[in-house]
Amino acid sequence: MYSSGNPTNIANPIKDASARVDIRAISGKLTLFETTLCEKISWEKLEARTSLDPQGYLSAYNEKDIQLICCQSDASTSWLVPPVVQARFMKSLRWNMDITFSWEFTRDRPKGKEVVKYELTIQEQDLPTSSEVTKVFNGTSNSFSVFNIYPRYFRVTGSGDVRSLEQSVCTSNLQCPNLSLEQNMQSKTKKKK
């Protein structure tokens, strides 16, 4: 990720980060996964830079502005949805289902735009079927997976916009950010080739 705060080229690193996955249906929205346990690693301190950016997407940027954000694979919040709410929600999944992934980043500047939110709706081809989700909710299956949940590289601009730096999230030689949800509703993010 690349973070820029202002045109004076002063480094403006991410101070705090969180990630969340929500599922939306006709009857409303439930949060499937949320974590605030995200480590921020300076690009300058990484030894594996070449393997993390083999296509050279980040080579045009100042190393002081680049960070690797690594969030814990276990959710930092518990799944506290009562069974009656889950049952009602499962019924509505048949008609419409969207899954969104969102990041929230906090930086020191610019004033008034210290917090940046970035939300992506997962493409239909990367979603599980509604029956796969229902089976996990009702306990008849162990897990379902969501693929390509966010771009590998993106830029947080000084104006607070988030822009992807690459055209494709995944190629044959780059790992894809994926999410698997387990039956006990504790989420784990995985990178899969």
(message) What pairs come out if I take residues in segment 53-82 that are aromatic (Phe, Trp, Tyr) and pair them with residues that are part of a loop (DSSP other than H, G, I, E, B) whose C-beta lies under 6 Å away, six or more apart or interchain?
(response) Tyr57/Tyr153; Tyr57/Leu165; Tyr57/Glu166; Trp79/Met185
(request) Look at Val146 and say whether it is within 27 Å of Leu37 (Cβ to Cβ), modelled with pLDDT of 85 or more and over 16 Å from the mean Cα position of the chain (by Cα). (result) no
(request) Return the pairs, sorted by first residue and then second, in which the second residue is buried (at least 17 other Cβ atoms within 10 Å of the Cβ) and among the charged types (D, E, K, R), the first residue lies in segment 118-141 and is without any contact (Cβ under 8 Å) to a residue 40 or more places away in the chain, the beta carbons are less than 7 Å apart, and the residues are 6+ apart or on different chains. (result) none
(request) Can you tell me which residue within segment 31-90, out of those that are over 26 Å from Arg20 (Cβ atoms) and of a type in the set (Lys, Arg), is modelled with the highest pLDDT? (result) Lys45
(request) Name, by its number, the condition in (1) assigned to a helix (DSSP H, G or I); (2) buried (at least 16 other Cβ atoms within 10 Å of the Cβ); (3) among the charged types (D, E, K, R) that does not hold for Lys64. (result) (2)
(request) Sort out which residues of segment 37-54 are among the aliphatic types (A, V, I, L, M), surrounded by 14 or more Cβ atoms within 10 Å (Cβ to Cβ) and farther than 16 Å from Ala11 by Cβ, and write them in order of number. (result) Leu37, Leu52
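Just need a number here: residues in segment 116-131 that are over 16 Å from the mean Cα position of the chain (by Cα) and surrounded by fewer than 16 Cβ atoms within 10 Å (Cβ to Cβ).
Residues in segment 116-131 being over 16 Å from the mean Cα position of the chain (by Cα) and surrounded by fewer than 16 Cβ atoms within 10 Å (Cβ to Cβ): 4 in total.
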(request) Answer yes or no as to whether Ile10 is at negative phi, more than 21 Å from the chain's Cα centre (by Cα) and modelled with pLDDT of 90 or more. (result) no
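The values are calculated or read from the model by the stated rules, or taken from the named source; none is laboratory data. Since the structure is predicted, the reported quantities are computational estimates derived from the model, not experimental observations. Neighbour counts run over all protein chains shown; Cβ positions are idealised from the backbone, glycine included.
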